[in-house]
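Following: one structure in C-alpha cells, then a few remarks.
Laboratory data are not the source of any read-out in this text; all were calculated from the coordinates shown. Computed from a predicted structure; not experimentally measured. Here the Cβ is made from the backbone with ideal geometry for all residues, glycine too, and neighbour counts use every protein chain on show.
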Amino acid sequence: RKEVEQDPGPFNVPEGATVAFNCTYSNSASQSFFWYRQDCRKEPKLLMSVYSSGNEDGRFTAQLNRASQYISLLIRDSKLSDSATYLCVVSSGGSYIPTFGRGTSLIVHP
Amino acid sequence: EAGVTQSPTHLIKTRGQQATLRCSPISGHTSVYWYQQALGLGLQFLLWYDEGEERNRGNFPPRFSGRQFPNYSSELNVNALELEDSALYLCASSTRDRGEETQYFGPGTRLLVL
C-alpha cells in the first residue's frame, strides 16, 4: 500500500460546482497534513494546512479523519482558475520528511 | 520577502556528465529539501539538509549528493548523469512553527539529459 494515495482524476467540473478530493495515508503516526496546489510546469504552492478540527479558507475547506486515516479538500463555487493538480502531503513529526501524493487533477470548464 | 530561488532554471547535459543545481532558502529558514519530479510522477524526496548537516536522504543512488553552506543555501550534485535523471528538481525551505513544519518551494530547475 502506498504511503499517501490520491485519486489521480482528472475531475472535470463546470464553473460554480462543488468538488471534493480525498487522500488516504498509511502511517498512523503521521502528525502534519497539508494540501498543496501545483499548476502545470510550476512549483507546488501551499494551499492550506489540515487540522483535526477542520479548517476553512474562503471557498476551501479541509478536514482530517485520524480514525480512518484520510484527509479531504472541498472546493465550493469552483472557478476556472482553480484548475490545477492538488497534492496531499503527510509527514510524521519525528522525521520531518513529508510524503507527497501523486496529486489529483482538477479541470474547471466554463 | 524573497521566496526560495533556484538556479539555473533550465539545464541540458549529456549522459555521463555532472550537473550542479543551486538553491537559496527563504531568509531565516535553516532547512532545505530537494525533490525530483519526473514527468507525470509525484515528488520524490531526495535530500534534507538542516543547519549545514545532511539529516536524511531518499531512496536514490550515491551519485546524487549535495551540501548546505553556512548561509543555508544548498547545492545538489548529480554525477554520471543518466537519461532517466531528466526531471524537474525542486528545492524547498522550511520553518517550524509550534512544532509544525511548512515547506515553501522554489520554481525548480528543469534538467534534460540527452
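Counting just the residues of the range A:29-55 that are in a loop (DSSP other than H, G, I, E, B) and touching a Ser or Thr at 6+ places or on another chain (Cβ under 9 Å), which one comes out farthest from the other protein chains (Cβ to nearest Cβ)? Break it down stepwise before answering.
Our first condition is that a residue be in a loop (DSSP other than H, G, I, E, B); within the range A:29-55, this holds for A:29, A:39-43, A:50-54.
From what is left, the residues that are touching a Ser or Thr at 6+ places or on another chain (Cβ under 9 Å) are A:29, A:39-40, A:50, A:54.
Numbers: A:29: 14, A:39: 11, A:40: 11, A:50: 11, A:54: 16 Å.
That would be A:54.
Here are B:110, B:63, B:57: which of them is out of contact with any helix residue (DSSP H, G or I) (no Cβ under 6 Å at 6 or more places or on another chain), farther than 30 Å from residue A:105 by Cα and not hydrophobic (A, V, I, L, M, F, W, C)?
Working: B:110 fails: farther than 30 Å from residue A:105 by Cα; B:57 fails: farther than 30 Å from residue A:105 by Cα.
Among B:110, B:63, B:57, only B:63 is out of contact with any helix residue (DSSP H, G or I) (no Cβ under 6 Å at 6 or more places or on another chain), farther than 30 Å from residue A:105 by Cα and not hydrophobic (A, V, I, L, M, F, W, C).
Which of the residues belonging to the range A:63-88 are surrounded by 14 or more Cβ atoms within 10 Å (Cβ to Cβ) and more than 19 Å from residue A:19 (Cα to Cα)?
The one that is surrounded by 14 or more Cβ atoms within 10 Å (Cβ to Cβ) and more than 19 Å from residue A:19 (Cα to Cα): A:69.
Need at least 1 residues that are surrounded by fewer than 21 Cβ atoms within 10 Å (Cβ to Cβ) and within 11 Å of another protein chain (Cβ to nearest Cβ) per element, so show me which strands (runs of 3 or more DSSP E) inside the range B:34-114 make the cut, counting only ones lying wholly within it. Outline the logic, then answer.
Values: elements: B:44-50, B:53-57, B:64-68, B:74-78, B:87-97, B:100-105, B:109-113.
Passing ranges, in order: B:44-50, B:53-57, B:87-97, B:100-105, B:109-113.
Being over 14 Å from the mean Cα position of the chain (by Cα) and at positive phi is the filter here; which residues of the range B:64-92 pass it?
B:80
I'd like to know if the range B:48-63 contains one or more residues that are in contact with an Asp or Glu (Cβ under 9 Å, 6 or more places away or on another chain), touching a residue at least 24 places away in the same chain (Cβ under 8 Å) and at negative phi.
no
Could you list all residues from the range B:4-28 that are part of a loop (DSSP other than H, G, I, E, B) and loosely packed, with under 15 Cβ neighbours inside 10 Å?
The answer is B:8, B:9, B:14, B:15, B:16, B:17, B:18, B:27, B:28.
Only one of these is polar (S, T, N, Q) and under 23 Å from residue A:107 (Cα atoms): A:31, A:38. Name it.
Values: A:31 fails: under 23 Å from residue A:107 (Cα atoms).
Result: A:38 is the single residue among A:31, A:38 that is polar (S, T, N, Q) and under 23 Å from residue A:107 (Cα atoms).
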